[in-house]
2 protein chains.
Amino acid sequence: MGRAGLTSAKVIAAAVRLADEDPGPLTLKQVAARLGVREPSLYQHVAGLEGLRRGVARHAKRELAAVLTAAAVGRAGDEAVGAMAQALRTWAHAHPGQYRAAERAPAAGDGDDERASAQAVAVVAQVLAGYGLAGDHLVDAVRFLRAALHGFIRLEASGGFGMSRPAGASFEQLVAAATHALRHWPGATP
Amino acid sequence: MGRAGLTSAKVIAAAVRLADEDPGPLTLKQVAARLGVREPSLYQHVAGLEGLRRGVARHAKRELAAVLTAAAVGRAGDEAVGAMAQALRTWAHAHPGQYRAAERAPAAGDGDDERASAQAVAVVAQVLAGYGLAGDHLVDAVRFLRAALHGFIRLEASGGFGMSRPAGASFEQLVAAATHALRHWPGATP
DNA sequence: GCATCTATCCTAACATACTTAGTTTCTAGA
DNA sequence: TCTAGAAACTAAGTATGTTAGGATAGATGC
């Protein structure tokens, strides 16, 4: 029997694809099956289920940071916030498993994970600094924007909205309200 | 051996307490142990793990609706929104397991669950109607407020905020921004 | 080209949790 | 008191995660 030629990256990549396709919980069994391998083989490349989840979370956060960065580059102010918001929601829809994985707090001591987490926040902070915000006001504004976007996406994903009105329309209104709030945030330059 | 005298309500109550005390996933084993009973005994009162989760979710949503209602009664406008927001966050801190359980979409066909879910939303809608909102504008506003509050609480609970600044201060600022946005919402009475 | 060695992947077995089947036993009501 | 039914149990089956230890493909050194 030929070897499968696994690596840590391949195992995690398979898990990432699986997580995005299958709404259920991630299992080693499924990952092994997709790679044409038995479950114990995965332990050579990943520290069990917990390690696999960590790997998926790390990957997801890196991608999330990249998506936000790409949306913000070359834009500023309301336009940048709007582009980031739309990009985030679109990405969350396309990659539900990764989006959920990215919620995990970074594993203590995992520098890569912490860095990826920090970068996603940093992009948002950089954009909001363009409103003239700094210090505590900036922190509050970042938290506000993250909360609004994250909360909307979560509620939408978990079926928390009835079907009375398209979620996209409500999201646009939310972004409009958020940018308005940021322009009038304490400490913002008028 | 004397009987434990279980009922569906007692089983779910034990599960609720357990969920709020233990951050890990809810297990039948723990619930059975707490009730001094073997796991199969629970099946007389609850439809397996899934049924237990449903029961916890139903209970949590009822309590959530009650908490929001209590906060809003006798108040209106910004004051009502602020009271609901504070009550929600306080309740979420005190009952993390129930808060997470309340996120579940109501089980299709479970009238009780659907009713409890709807009532929590209805209280918010009623308060926001006090801003003169109706129709799609009202739907958008409710979704905005729910998203902001829920997102903040989730990010806070999952350690998404660094420790640079107390979350409570950011939350007050979020509530201030949200009430401002509601006062200026499209269709709001000035 | 051949021997050796190492990492990869495997089988086997165990641990934990959920679930079902079938039995015992307690309790309530005739 | 006796009986019917429900409540709880034991035993067994299923699914997943995990560990132990062995076989082997493929690389490495001569």
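The values are calculated or read from the model by the stated rules, or taken from the named source; none is laboratory data. Computed from a prediction, not measured in an experiment: that's the story for all the values here. Neighbour counts are summed over all protein chains in view; Cβ atoms, including those assigned to glycine, are modelled from backbone coordinates with ideal geometry. For the accessible areas, the whole protein counts, side chains as well, though only heavy atoms, and no ligand, DNA or RNA atoms are used. Shrake-Rupley method; radii C 1.70, N 1.55, O 1.52, S 1.80 Å.
Assuming R0 = 35 Å, what is the FRET efficiency of residue A:3 and residue A:27, from their Cβ-Cβ distance, to the nearest 0.05? The computed FRET efficiency comes out at 0.95.
The heavy atoms of residue B:49 present about 60 square angstrom of accessible area, all protein chains included, probe 1.4 Å. Its relative contact order, with pairs defined as Cα atoms under 8 Å and 6+ residues apart, puts chain A at 20 percent. Accessible area per residue for the stretch A:14-66, computed on protein heavy atoms with a 1.4 Å probe, is 53 Å².
Shape analysis of the stretch B:19-71 places it in the prolate category; the axes a ≥ b ≥ c from the Cα gyration tensor give an a/c of at least 1.5, with a/b above b/c. Please name which of B:86, B:40, B:64 has its Cα lying farthest along the dipole of chain B towards the positive end, using unit charges on Cβ (Lys, Arg +1; Asp, Glu -1) and the Cα centre as origin. Towards the positive end, the residue furthest out is B:40. In the stretch A:130-152, the residues that give up 10 Å² or more of accessible area when the other protein chains are added, compared with the chain on its own (1.4 Å probe), are A:136, A:139, A:140, A:143, A:144, A:146, A:147, A:148, A:150, A:151, A:152. Which of rounded, prolate or oblate describes the stretch A:63-153 when judged by the alpha-carbon gyration tensor and an a/c cut-off of 1.5? Oblate, since a/c reaches 1.5 and b/c is not below a/b.
Rounded to the nearest 0.05, the FRET efficiency derived from the C-beta distance between residue B:129 and residue A:86 at R0 = 30 Å is 0.55.
Rounded to 0.05, the FRET efficiency of the residue B:93 and residue A:105 pair, given R0 = 22 Å and the Cβ-Cβ distance, is 0.85. In chain A, the beta carbon lying closest to the axis that superposes A onto B belongs to the residue given here with its whole-angstrom distance, A:151, 1. Straight-line reach from residue A:61: taking Cα to Cα under 18 Å and skipping same-chain neighbours fewer than 8 places apart, the lysines in range are A:10. Per-residue surface analysis assigns residue A:156 an accessible area of about 40 Å², computed on protein heavy atoms at 1.4 Å probe radius. Taking a ≥ b ≥ c as the square roots of the Cα gyration tensor eigenvalues, the protein assembly as shown comes out oblate, since a/c reaches at least 1.5 and a/b does not exceed b/c.
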